[in-house]
Amino acid sequence: MSDEQTTETTARPLLRVVRGNPDDAELAAVTAVVPAAASGEEPAPPAPRRSRWSDPAARLRTPLRPGPGAWRASSLPS
């Protein structure tokens, strides 16, 4: 064997099970989660929610209709 093949076969494993007997699905989950958590990247924060009061489309409101409940429609965004 060449030196390159020797170093590849004797490399330390990425993960080692110390206790228990995990099945294939559990090992796959751990193999996916641990490197992602170890990468150090934090997820992007969610975009802030805008209030409907600041929505520019609220300026393009429908005309007011008189009748029951018209007072409620007079100040709420449509």
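In table form, for the structure just shown:
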| read-out | value |
| --- | --- |
| Residue that is nearest to the chain's Cα centre (by Cα) [pool: residues in region 43-70 that are at pLDDT below 75 and open to solvent by 60 Å² or more (accessible area, probe 1.4 Å)] | P43 |
| Restricting region 18-39 to residues that are modelled with pLDDT of 85 or more, in a loop (DSSP other than H, G, I, E, B) and not charged (D, E, K, R), the residue that is least open to solvent (accessible area, probe 1.4 Å) | P22 |
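The values are calculated or read from the model by the stated rules, or taken from the named source; none is laboratory data. Because the structure is predicted, anything quoted here is derived from the model rather than measured. These accessible areas exclude ligands, DNA and RNA; they are computed on the full protein's heavy atoms, side chains included. Shrake-Rupley method; radii C 1.70, N 1.55, O 1.52, S 1.80 Å.
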